[in-house]
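The values are calculated or read from the model by the stated rules, or taken from the named source; none is laboratory data. This is a predicted model, so every value here is computed, not measured. Please note: Cβ atoms are built from the backbone with ideal geometry, for glycine as well, and neighbour counts cover all protein chains shown.
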Amino acid sequence: MSLCACAFYPGCADPLTSASGRRWRTSVPLLIMQGEADDWTPAAPCRNLAAAAVTRGEPVEFQSYAGAYHDFDAPDVKIHTRTGLARAPTGAAHVGTDANARAAALQRVPAFLHDELGK
């Protein structure tokens, strides 16, 4: 049985600034999808984590979507601000659908799963 994983807007430990980010490893193919405008779980730490994993030869792909916020793949959610978020850098973040990012992710995920699970 093949294994793989897809992560939508995860909170990543940055290997440039975090020991846990430097220790993180994966043995299964992983696709990370992140909105470039995500102010809840910013893209840069995940981009750095993926780059470090690829340098080590681990099967990680990072896909970001310009202008997209957290929950970019949610169907028909107007962009709004959520407050009281313990893990958001400012305690508040924008969330909501980005039609272009959603459409791209809805194509990318099945293609990734097909490629990885078909091996």
Practice problem: Residues being touching a residue at least 40 places away in the same chain (Cβ under 8 Å) and surrounded by 15 or more Cβ atoms within 10 Å (Cβ to Cβ): count how many of those fall in segment 9-52. | Solution: 11
Quiz item: Restricting attention to segment 62-109, which residues are buried (at least 18 other Cβ atoms within 10 Å of the Cβ), among the small types (Gly, Ala, Ser) and assigned to a helix (DSSP H, G or I)?
Solution: 101, 105
Quiz item: Taking segment 27-60, which residues are within 30 Å of residue 90 (Cα to Cα) and among the charged types (D, E, K, R)?
Solution: 36, 38, 39, 47
Self-check item: So residue 37, is it at pLDDT 95 or above and either under 15 Å from residue 105 (Cα atoms) or not in a loop (DSSP other than H, G, I, E, B) (or both)
Solution: no
Quiz item: Do we have residue 119 as surrounded by fewer than 16 Cβ atoms within 10 Å (Cβ to Cβ), outside any strand (DSSP E or B) and in contact (Cβ under 8 Å) with a residue 60 or more places away in the chain here?
Solution: yes
Exercise. Considering only segment 1-34, state which residues are among the aromatic types (Phe, Trp, Tyr), part of a loop (DSSP other than H, G, I, E, B) and under 24 Å from residue 114 (Cα atoms).
Key: 9
Quiz item: Which one of these is among the small types (Gly, Ala, Ser) and touching a Leu at 6+ places or on another chain (Cβ under 6 Å): 67, 96, 84, 91?
Solution: 91
